[in-house]
Amino acid sequence: ADIAIPDIQVLNAEKTADEVKALGRRVLAMKCDVTSSADVKLMVDRTRDVLGRIDVLVNNAGMASPPGMPFTNNTEDDWDRAFAVNTKSVFLTSKAVAPYFLERKAGRIINIASIAGPLSAVTMPAYSVAKQGVITFTRVVAKELAPHRITVNAICPGVLYTDFWQKLAQHIADTNPAFKGMTARQVFEKRVADIVPMKCEQTPEDIGNAAVFLASDEARYITGQALMVDGGCVMW
């Protein structure tokens, strides 16, 4: 697939773009603040101008408030920022591409949520609520767009060793006597062993494979679903 990569950290977008180019595909890397409707409109317009059309939208922006904070310590800004990046952005991008999908009566919207939503993770209050909002938004929009053969689904990653998880694990090691002396990586590995039924760490490729499937023709009859890619943490 030819890919557009909008990112507020444009150097990250350009690095990924180099990997896509090496595979022989066209790619457009650009700076974009997905909490800004003006930026989102420009992003969609540039993508259509350069790549021709949009077939699949993947909403992968995310951020969390400082790790380990109870909601009583959260600031209003923590919540505003968490909802802007995690939830509002999904609305803005989906609204921007929907007219083109409706015109063709085809399209895929894939929203990256999190198991923090259904698990109501107390270590990340604003993030958990915002990501649960993404799941609900997914279902609402899926119902609206289903008659037009447009599918809308969410993917919920589990415990993945990202920069955020490294900071959260370090906070746990620094503040919880049960983890005293452990490195962030050791805290993370214990967390995986404690809460993941499959007892193994997941990779970014696990999430990517799920997204590729949901974008494919094989997933044409799947919509309004939140797919847990988490080693069994959430079962329902």
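Coordinate-derived values only; no laboratory data. Just so it is clear, the model here is predicted, and its values are computed rather than measured. Please note: Cβ atoms are built from the backbone with ideal geometry, for glycine as well, and neighbour counts cover all protein chains shown.
Name the long-range amide H neighbours of Ile5: under 5 Å, sequence gap of 5 or more, or other chain; modelled H, no Pro or chain starts.
Leu28, Ala29, Met30
How big is the chain by the Kirkwood estimate over distinct Cα pairs, in Å?
18.8 Å
Working out 0.36 nm times the residue gap between Asp163 and Ala1, then minus their Cα-Cα distance, what length gain in nm do you get to one decimal?
Here the answer is 55.5 nm.
How compact and how long is the range 166-234, expressed as Rg and Dmax of its alpha-carbon atoms in Å?
16.3, 51
Determine the alpha carbon to alpha carbon distance for each of Lys15/Lys105; Lys15/Lys199; Lys131/Lys190; Lys88/Lys190 and list only those over 28 Å.
In this structure, Lys15/Lys105; Lys15/Lys199; Lys88/Lys190 lie more than 28 Å apart at Cα.
Give a residue-ordered list of calculated ³J(HN,Hα) values for the range 28-44 (Karplus: 6.51 cos²θ - 1.76 cosθ + 1.60, θ = phi - 60°; whole Hz; x for Gly, Pro).
Values, residue by residue: 10, 9, 8, 7, 7, 9, 6, 8, 10, 4, 5, 5, 5, 4, 4, 4, 5 Hz.
For the range 1-71, what value does the Rg/Rh ratio take when both radii are computed over Cα atoms and Rh is the Kirkwood radius, given to two decimals?
In the range 1-71, Rg relative to Rh is 1.06.
For Ile135, Ile222, what's the fewest-to-most ordering of other Cβ within 10 Å of each Cβ?
Fewest to most other Cβ atoms nearby, the residues stand as Ile222, Ile135.
For the range 7-18, in order, what is each residue's ³J(HN,Hα) by Karplus, 6.51 cos²θ - 1.76 cosθ + 1.60 with θ = phi - 60°, in whole Hz (x at glycine and Pro)?
These are the phi-based 3J(HN,Hα) values: 7, 5, 9, 5, 5, 5, 4, 5, 5, 5, 4, 4 Hz.
Residue by residue, what Karplus-based ³J(HN,Hα) values in Hz, rounded to whole numbers, does the range 170-178 have, using 6.51, -1.76 and 1.60 with θ = phi - 60° and x for Gly and Pro?
Each residue of the range 170-178 in turn: 5, 4, 4, 4, 7, 10, 10, x, 5 Hz.
How about the range 120-206: which GluC sites (Glu not before Pro) there lie in a loop by DSSP and see at most 11 other Cβ atoms within 10 Å?
Answer by residue number: there is no such site.
What angle do you read, to the nearest 10 degrees and between 0 and 90, between the alpha-carbon axis of helix 125-145 and the longest principal axis of the chain?
Its long axis makes an angle of about 30 degrees.
Hey, what does the equivalent ellipsoid look like for the range 1-138, semi-axes from the Cα gyration tensor as sqrt of 5 times each eigenvalue, largest first, whole Å?
Semi-axes, largest first: 29, 17, 13 Å.
Taking a quarter of the surface of the convex hull around the Cα atoms of the range 102-200, what do you get in nm²?
7.7 nm²
On a 0 to 90 degree scale, rounded to 10, what angle separates helix 204-215 from the longest Cα axis of the chain?
30 degrees
Could you give the C-alpha radius of gyration of the range 159-201 expressed as a fraction of 2.2 N^0.38 Å, taking N as the number of residues it contains?
Normalised by 2.2 N^0.38 Å, the Cα Rg of the range 159-201 equals 1.07.
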